[in-house]
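Asker: Sharing a structure with you now.
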Amino acid sequence: MTARSALRLRRITAREPARSSRLAVQRGALLAVLLPFVAIVTLFQLVPFLWSLYLSVHRWAGVGTPRWVGLGNFTRIVQDATIQAAFANTVLFILIMVPTLTALSLALALLLNHALLPLRGILRVLVFLPYITPAIVAAIIFSIVFNERFGHMNAMLQLVGLSPVAWLKTQTGARIVVALTGIWQVLGYTTLITLGGLQTLPHELYEAATIDGADAWQRFWAITLPLLSPTLAVVSVIALLFVLNLFLPYFLFPATNGYGPERGTVTVSVVQYVYAFTNRRYGEAAAVGCLVGIVGFLIALLQIRVWRLSRGWSI
Amino acid sequence: MSGQDREGLRITRRAFLAGSLVSLLLASCRREAATPPQQATPTVPAVGTPAVQVPLTGTLTFWGHPDHPLERIRDAFLQEYPNVTLNWVLTNDYYTKFQTAMAAGGEGAPDLFWLEASDVQLYGGRGLLLDVTDLIEPIKDQFIPAKLAEAYVPKASRYYGIPGDLSVSGIYYRPDLLEPLGVTIKDDMMYEEFLAALREIAAAGKKAVLYPAGGGGVAAAYWSWFVAQYGGSGVATCDGSEITVDDEAGIAAARLLRDIVATGATLNADFWTPEYWDALNSELLVLDFAAAWARGFWESNLDASQLGKWRVAPLPRAVPGGPRTGVWGGATLVATAKTQNPELAKQFMKFAFASEPGCQAAADWGIIPSWIPYLEGFFQQLKFKLFGDQPAAKLWLELGRELSTTYCRPAIYTPALDILGTDLDPIVQGRVTPEEGMKAIGDKLRDIAPDYQ
Amino acid sequence: MTLPRSRTTHSIRRSPVHLTSAGLLLIAVAIALPFAFPYYSMLVLSFMPRSAIMQPVLHLWPAPWIWENYRRIFFGEWVLSVSIFRAVFNSFVLATGQTIPMLLLCSLLAFLFAKWDFPGRSILFGLSLATMFIPYQATLVAFYLLVSRLGWLDTFLPLWIPWWVPGFAIFFLRQYIRAAIPDDLIDSGLIDGAGLLRQYWSVVLPLIVPGLVVVGVLNFVNAWNDYIYSNLVFSNVRLYPSTLYLYSFQGSRIAVPEYGMMTAASILASLPIITIFLVFQRQIISGLTRGAIR
């Protein structure tokens, strides 16, 4: 109740910018708070970031003085087949995983929020477990589960009369395994956020709708989805950040540095790591990083804009 | 003979220590150490006697992966020099850690590191690695020449490490399973004959040689052997100044790789995966290319019933009279320039790969030091469970001497591996001709070559 | 997929129950399986010797069953010669030292960004948001250089201080404060003459506890799972957090991992997090919301 009235109040005051400018006296306290913030951000975020910007316009093998090449790294990376594949795969994983994660989070959250669902508490923990499992362990488990000859997945397929699939050796199979493992890892987290969002939805609206004769399906479309959309926007941004940092293939396909069959699973995160730390091509890796950072930022802004426009929601 | 070596070395080592304390004495000791051990033995005690009183002390750090061969050498070293502190940092991503430290100018780097051949060339001569020419120069004739060359940085004309693993390779095969197929693997044969054998194996439904989907590191490793066997210098000349990946030898190597996969005998699996061991244990994979150091892994992963049934043969020849082997892996032990204990670091390096106890400890793990006195001595008495009664050690030594000295792994070999790992596959699959494919790889390498000078 | 949709939750008490308990139980099991099964596999492997794990058969139950993996990591009978408990303790120190100051600093900053105006406010807030998109791989060398120059190698400092002002936490808590704390409350505090820090301490902090729990737990989990930075910073085995500890079972990249000990260590290392999650479950779920939506 209180949360809801606070929300309403906030919306009103947001239109009165004058109310929030009354800080003249407390310069000392302000500085005491802002100084550590500015210092830490500058030293550990901005300086390393500027360093990577610097590297992105230089060639550097990790020894000696970096050599200035202007935009040479950027023209090189757009021609590099592996980096092209990394961008293409990442886009593919974004297109597959972000909507899937958002939809599955919603579905799972609705279920886990169902008062009559047995073992709710245990299920919530279970769903969250993968999020705290280290990527390398997840990779080992899934490479066993999806093994062509003795994996559980093919055993199940054969049980229902289907022929086994070479999951880890074909491009499509490898991508499916990466997407499934990634979804398995992060779904618990996004589901919890959705679940939290669900629990703030006002009961009265549902009650009123029920009295008006709306069935569950109508209530979902008319109340749940619109009111939950800000939460879903956050979920989709989190999913996007997760995919942009998807490093799993490195552990799933160690023999090819995470590239996978026919470079089918190499991601921008993997290629940055491998180019910098295996190939000693720090300049190109930094250039990829800059591109990813900018593109990711723009996509996130766009995502938020779209939700905001459609829902009248302000950040 | 070997006992005498050991005695001589120990005294020299102590002489070294004294030298680190008194620089004048150091100079004389080094001169002493510069002569081959056989001649040194009578003279060393005179110089060494005062040094014996001083126990070797100091601290050395090393970064490596858990279960590293240098752990065994550490234990052996400490037995002899209990007053030394050896701080071994074992972590999975030790290489990333090391590279980052090197990229930061050597800040926080360990004293000792187990460095890949191409990285010796990258870091050597740039003030990042300790110049150990004074250690190597006097004993350089005691190493397999091809491995010694990996510790040598041409552009600086100095040595920056002591050769580690011999890393020769050959064919591991099962004569008992091949005989019924009418296939014999000879110690001296040409690849044409070998290809015919692979076809027989494929026709019988068995597998030989790995080729995982996409090629990857396996394809790059095979290509590297073949190019050395064809007499090429690899991806580039030894000083890295000229790209040679698409020369005649490079193209021939790619063609050979394509022909091997085309026999249909190759197994689509990666190294050391459960299904790889299963293919060996279930007698599906009856022949494979493998490095000498791989033997230890085989012995710990094959069923007991499989041990003793395997034999090792040299690789076939690519050209008449050419080498029947190639290197795979084989790091060099280096010290970093920022080490606080350069003399102790050199002592350890010498103990590790140029002394009997050090070499024996290394061999315990499964690698083969490339120090000839060891290879000719103790090593020859070793028996290997995997190879039954075959005198494999004799073959490894013979192959070590055959290793190509024209083949090199300059700094650009590191990024080249990645490119080969992805770009050989189209050639193997027949989508591009070896000439076109290698030319494209060459152009890529020429583009990045200036960065690795 | 239609089942979950057909049922929104808040009206359950009022609407006729469409699904039988048996149906719901079935759904519960259907959800649980894909999540539980890989975890179950981990448990199975943790009780098996490596040689048996390598056998190309379906592992549905540990055969042979051994305690060896657990015994060895309990007593540190492994090349690291450190017990898993030491590593878990280190993870705890690492994650706590990162999370607690982070919560104080970020909530204070969030309070500033949410309720106060000062020169440079939007620039600083935008800056903190943008840091979320800095790709970490390109910054590792610079990070290492800084840390080594500061003399912070082999201490917990590089895993604490740089992580005290994460963009996500500031953003989340700012949204939370905007939603949970009415302006009137601040105004009445101002009339009483309470300063910025007094207001923060006595008005804001008590009201945002659920939000703090959420950010805290999520940050704690991330800190607990850090591998890349820990690997660069720690060379002293006795300081290894649990991630470095269990990654060490991977051995070299060409060696066969010690699957059994690795999974055993992973299970043990996740127990504290599971406990924290169980304790704070209610706050996490209720707290996740207000910050996220506004």
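The values are calculated or read from the model by the stated rules, or taken from the named source; none is laboratory data. The shown structure was predicted, so the numbers you read here are calculated from the model rather than taken from an experiment. Positions of Cβ are backbone-derived with ideal geometry, glycine not excepted, and every protein chain shown enters the neighbour counts.
Asker: Give the stretch C:141-173 a look and list any residue that's more than 10 Å from chain A (Cβ to nearest Cβ) and either in a helix (DSSP H, G or I) or surrounded by 21 or more Cβ atoms within 10 Å (Cβ to Cβ) (or both), or say none. Break it down into steps so the answer makes sense when it comes.
Answerer: Initial filter on the stretch C:141-173 (more than 10 Å from chain A (Cβ to nearest Cβ)): C:148-149, C:151-157, C:159-160, C:169, C:173.
If the condition is that a residue be more than 10 Å from chain A (Cβ to nearest Cβ) and either in a helix (DSSP H, G or I) or surrounded by 21 or more Cβ atoms within 10 Å (Cβ to Cβ) (or both), then C:148, C:149, C:157, C:159, C:160, C:169, C:173 are the ones that fit.
Asker: Among the residues of the stretch A:83-116, which ones are more than 30 Å from residue A:174 (Cα to Cα), among the hydrophobic types (A, V, I, L, M, F, W, C) and surrounded by fewer than 23 Cβ atoms within 10 Å (Cβ to Cβ)?
Answerer: Answer for the stretch A:83-116, where residues must be more than 30 Å from residue A:174 (Cα to Cα), among the hydrophobic types (A, V, I, L, M, F, W, C) and surrounded by fewer than 23 Cβ atoms within 10 Å (Cβ to Cβ): A:115, A:116.
Asker: Only one residue in B:245, B:218, B:209 is under 20 Å from the mean Cα position of the chain (by Cα), aliphatic (A, V, I, L, M) and in the same structural domain as residue B:428 (by TED's automatic domain parsing), so which one is that? Walk me through how you get there before you give the answer.
Answerer: Numbers: B:245 fails: under 20 Å from the mean Cα position of the chain (by Cα); B:209 fails: under 20 Å from the mean Cα position of the chain (by Cα).
Unique residue meeting the criteria: B:218.
Asker: I've got another one for you. Tell me which of these residue C:138 doesn't satisfy, since it passes every other one: (1) more than 24 Å from residue A:292 (Cα to Cα); (2) in contact with a Phe, Trp or Tyr (Cβ under 9 Å, 6 or more places away or on another chain); (3) at the interface with another protein chain (Cβ under 7 Å from one of its Cβ atoms).
Answerer: (1)
Asker: Residues that are more than 23 Å from residue B:268 (Cα to Cα) and more than 14 Å from chain A (Cβ to nearest Cβ): find the helices (runs of 4 or more DSSP H) completely inside the stretch B:381-453 holding 1 or more of those. Give the steps one after another, and end with the answer.
Answerer: Values: elements: B:392-402, B:413-428, B:434-448.
Fully inside the stretch B:381-453 and qualifying: B:392-402, B:434-448.
Asker: Would you mind telling me which numbered condition in (1) part of a loop (DSSP other than H, G, I, E, B); (2) within 7 Å of another protein chain (Cβ to nearest Cβ) residue A:162 fails?
Answerer: (2)
Asker: So if I check each of C:76, C:120, C:97, which one is on the phi > 0 side of the Ramachandran plot and either touching a residue at least 24 places away in the same chain (Cβ under 8 Å) or more than 11 Å from chain A (Cβ to nearest Cβ) (or both)? Let's see the steps before the verdict.
Answerer: Details: C:120 fails: either touching a residue at least 24 places away in the same chain (Cβ under 8 Å) or more than 11 Å from chain A (Cβ to nearest Cβ) (or both); C:97 fails: on the phi > 0 side of the Ramachandran plot.
Going through C:76, C:120, C:97 in turn, the sole match is C:76.
Asker: I want to confirm something. Restricting to the stretch B:259-277 and keeping residues that are part of a helix (DSSP H, G or I) and crowded, with 19+ Cβ neighbours inside 10 Å, which single residue is farthest from the other protein chains (Cβ to nearest Cβ)? Break it down into steps so the answer makes sense when it comes.
Answerer: Initially, the stretch B:259-277 is screened for residues part of a helix (DSSP H, G or I), giving B:259-262, B:274-277.
When the remaining residues are screened for being crowded, with 19+ Cβ neighbours inside 10 Å, the result is B:260-261, B:274-277.
On the way: B:260: 18, B:261: 15, B:274: 5, B:275: 6, B:276: 10, B:277: 6 Å.
The qualifying residue farthest from the other protein chains (Cβ to nearest Cβ) is B:260.
Asker: Which of the residues that make up the stretch B:245-255 are touching a residue at least 24 places away in the same chain (Cβ under 8 Å) and more than 18 Å from residue B:212 (Cβ to Cβ)? Full working, then the answer.
Answerer: Narrowing the stretch B:245-255 to residues touching a residue at least 24 places away in the same chain (Cβ under 8 Å): B:245-246, B:250-255.
Correct list: B:245, B:246, B:250, B:251, B:252, B:253, B:255.
Asker: For the stretch B:342-395, enumerate the residues that are free of Cβ contacts under 8 Å to residues at least 24 places away in the same chain, surrounded by fewer than 24 Cβ atoms within 10 Å (Cβ to Cβ) and of a type in the set (A, V, I, L, M, F, W, C).
Answerer: B:363, B:379, B:382, B:393
Asker: Name the residue, out of A:241, A:192, that is within 9 Å of chain C (Cβ to nearest Cβ), surrounded by fewer than 24 Cβ atoms within 10 Å (Cβ to Cβ), among the aliphatic types (A, V, I, L, M) and in contact with a Phe, Trp or Tyr (Cβ under 9 Å, 6 or more places away or on another chain). First the steps, then the outcome.
Answerer: Values: A:192 fails: surrounded by fewer than 24 Cβ atoms within 10 Å (Cβ to Cβ).
From the options A:241, A:192, the qualifying one is A:241.
Asker: Shifting gears a bit: Condition first: closer than 17 Å to residue B:347 by Cα, part of a loop (DSSP other than H, G, I, E, B) and in contact with an Asp or Glu (Cβ under 9 Å, 6 or more places away or on another chain). Now tell me which residues in the stretch B:108-159 satisfy that.
Answerer: Passing the criteria: only B:130.
Asker: Could you tell me which of the residues A:44, A:74 is among the aromatic types (Phe, Trp, Tyr), more than 18 Å from the chain's Cα centre (by Cα), within 7 Å of chain C (Cβ to nearest Cβ) and more than 28 Å from residue A:187 (Cα to Cα)? First the steps, then the outcome.
Answerer: On the way: A:74 fails: within 7 Å of chain C (Cβ to nearest Cβ).
Sole residue among the options that is among the aromatic types (Phe, Trp, Tyr), more than 18 Å from the chain's Cα centre (by Cα), within 7 Å of chain C (Cβ to nearest Cβ) and more than 28 Å from residue A:187 (Cα to Cα): A:44.
Asker: The conditions are (1) at the interface with another protein chain (Cβ under 7 Å from one of its Cβ atoms); (2) at pLDDT below 90, and residue A:107 fails exactly one of them. Which is it?
Answerer: (2)
Asker: Let me ask something additional. Which of the residues belonging to the stretch A:117-135 are surrounded by 21 or more Cβ atoms within 10 Å (Cβ to Cβ) and of a type in the set (Lys, Arg)?
Answerer: A:124
Asker: Quick one: which residue in B:262, B:253 is under 25 Å from the mean Cα position of the chain (by Cα) and on the phi < 0 side of the Ramachandran plot?
Answerer: From the options B:262, B:253, the qualifying one is B:253.
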